[in-house]
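As structure tokens, the structure follows; a few thoughts come after it.
The values are calculated or read from the model by the stated rules, or taken from the named source; none is laboratory data. In this text, all values refer to a predicted model and were calculated from it rather than measured experimentally. Every residue, glycine among them, receives a Cβ derived from its backbone with ideal geometry; neighbour counts consider all protein chains shown. Heads up: the accessible areas ignore ligands, DNA and RNA and are worked out on the full protein's heavy atoms, side chains in. Shrake-Rupley method; radii C 1.70, N 1.55, O 1.52, S 1.80 Å.
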Amino acid sequence: LAAFDSFRFVIKGSLAGAAVYVAYDQGLLGSGTQGAEALRKAQVALPPAIQEWTSYIGWELPPTPKFYFSPSDSWNKGVQTVMSVLSVAPTRACEYTVEGWKYVKDLVK
């Protein structure tokens with residue numbers, strides 16, 4: 001039983017290592033430009049591969065939906081949101097401090 005658990009651990013570790021290697025090899029762990037290029041390649045290559053695989057097995061899948069996802073647009077939106085929050089943080093901190101002191105003073109009275 002312990003040998004079986006060890007075998008499962010080795011198999012799972014090998015699969016995890018292979019997944020990390022493939023992600024690194026395809027540029028997913030590189031710069032944003034490399035990641036965007038890898039995503040574009042996947043969007044082009046995956047639908048025909050899945051269609052071929054399902055036709056080989058005999059399954060019928062609905063057509064894959066078309067979607068647009070730009071990692072750079074998402075990244076830029078995230079950076080803008082973080083910068084916006086950080087720019088108003090000192091003002092908000094002062095407002096919350098004043099409200100907190102007012103609340104504490106009202107409790108003490």
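Just one of the listed residues (GLY35, GLY30) is outside any helix (DSSP H, G or I), modelled with pLDDT under 90 and open to solvent by less than 70 Å² (accessible area, probe 1.4 Å), namely GLY30. Of the numbered criteria (1) modelled with pLDDT of 85 or more; (2) not in a helix (DSSP H, G or I), the one ALA16 fails is (2). Scanning the stretch 44-73 for residues that are surrounded by 10 or more Cβ atoms within 10 Å (Cβ to Cβ) and modelled with pLDDT under 70 yields THR64, SER70, PRO71, SER72, ASP73. A single entry from ALA23, ALA3 fulfils the requirement of being part of a helix (DSSP H, G or I) and either in contact with a His (Cβ under 6 Å, 6 or more places away or on another chain) or closer than 29 Å to PRO63 by Cα (or both): ALA23.
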